[in-house]
Amino acid sequence: MQKLSANGVKWLKGFHLIAVACWVGGAVSLISLYFLKAGITDGRVLYGINQSLHHVDMSIVVVPGAIGSLLTGLAYSLFTNWGFFKHNWLTFKWIVTLVAIVFGTLFLGPWESTMMEISGKLGIASLGDAAYLYNQKMNLWFGALQVLILMGTIFVSILKPWKSKKKTKKTIA
């Protein structure tokens with residue numbers, strides 16, 4: 001397969017960094033928006049915050065950033081010399097990316113959608129609803145954990161801490 005030129009790799013890196021910034025920055029924003037709920041007395045405001053969470057996550061920042069990270073990572077693997085599993089740190093990044101996207105799709109997104117639906121129906125009474133509180137707690141704790149893991153993965157990308165999978169051959173003298 002043909003490899004990108006040095007200039008092409010720079011462009012790809014720029015797009016990859018933008019996608020990662022959207023994914024991680026959007027996720028940090030989602031966690032921050034939870035703290036707007038403190039002291040709310042109007043059910044429409046609660047629903048508006050939950051709608052905002054859902055919109056920022058699904059439509060604008062987080063999901064597009066995650067998909068962009070996956071696609072630009074795929075392009076890196078296919079069109080540069082990095083490959084898919086050439087280095088242990090790269091394998092780690094692939095695992096984290098795929099697990100985070102699947103976990104977000106199967107758990108974080110549905111918990112968030114459920115909160116929006118419940119607050120749309122119950123309004124301020126949602127804050128006393130067991131299902132709403134469960135979904136909010138799960139989304140907040142596991143969302144925060146995922147953000148921390150993604151931030152750690154950024155440092156893995158920078159530090160490249162693990163040696164190559166290829167064993168260095170000792171020359172026989």
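Restricting region 67-83 to residues that are of a type in the set (A, V, I, L, M, F, W, C) and part of a helix (DSSP H, G or I) leaves a set whose member that is farthest from the chain's Cα centre (by Cα) is PHE79. The conditions of being out of contact with any Cys (no Cβ under 7 Å at 6 or more places or on another chain) and touching a residue at least 24 places away in the same chain (Cβ under 8 Å) are not met by LEU33.
Here region 21-56 is the region considered, the condition is being under 20 Å from THR105 (Cβ atoms) and in contact with a Gly (Cβ under 7 Å, 6 or more places away or on another chain), and the residue that is surrounded by the fewest Cβ atoms within 10 Å (Cβ to Cβ) is ILE31.
Name the residues in region 72-87 that are of a type outside the set (D, E, K, R) and touching a residue at least 24 places away in the same chain (Cβ under 8 Å), would you? If the condition is that a residue be of a type outside the set (D, E, K, R) and touching a residue at least 24 places away in the same chain (Cβ under 8 Å), then THR72, GLY73, ALA75, TYR76, LEU78, PHE79, THR80, ASN81, PHE85, HIS87 are the ones that fit.
Can you say whether LEU12 is surrounded by fewer than 18 Cβ atoms within 10 Å (Cβ to Cβ) and assigned to a helix (DSSP H, G or I), as far as the supplied structure shows? Considered against the rule, which asks whether it is surrounded by fewer than 18 Cβ atoms within 10 Å (Cβ to Cβ) and assigned to a helix (DSSP H, G or I), LEU12 comes out as yes.
Against the criterion of being under 17 Å from ILE149 (Cα atoms), under 14 Å from the mean Cα position of the chain (by Cα) and buried (at least 17 other Cβ atoms within 10 Å of the Cβ), VAL62 qualifies. All told, LEU46 meets the bar of being in contact with a helix residue (DSSP H, G or I) (Cβ under 7 Å, 6 or more places away or on another chain) and either aliphatic (A, V, I, L, M) or assigned to a helix (DSSP H, G or I) (or both).
Looking at this structure, is LYS37 of a type in the set (D, E, K, R), closer than 22 Å to ILE158 by Cα and within 27 Å of the chain's Cα centre (by Cα)? Considered against the rule, which asks whether it is of a type in the set (D, E, K, R), closer than 22 Å to ILE158 by Cα and within 27 Å of the chain's Cα centre (by Cα), LYS37 comes out as no.
Every number here is computed from the coordinates shown, using simple stated rules; none is lab data. Computed from a prediction, not measured in an experiment: that's the story for all the values here. Note that we place each Cβ from the backbone using ideal geometry, even for glycine, and neighbour counts take in every protein chain shown.
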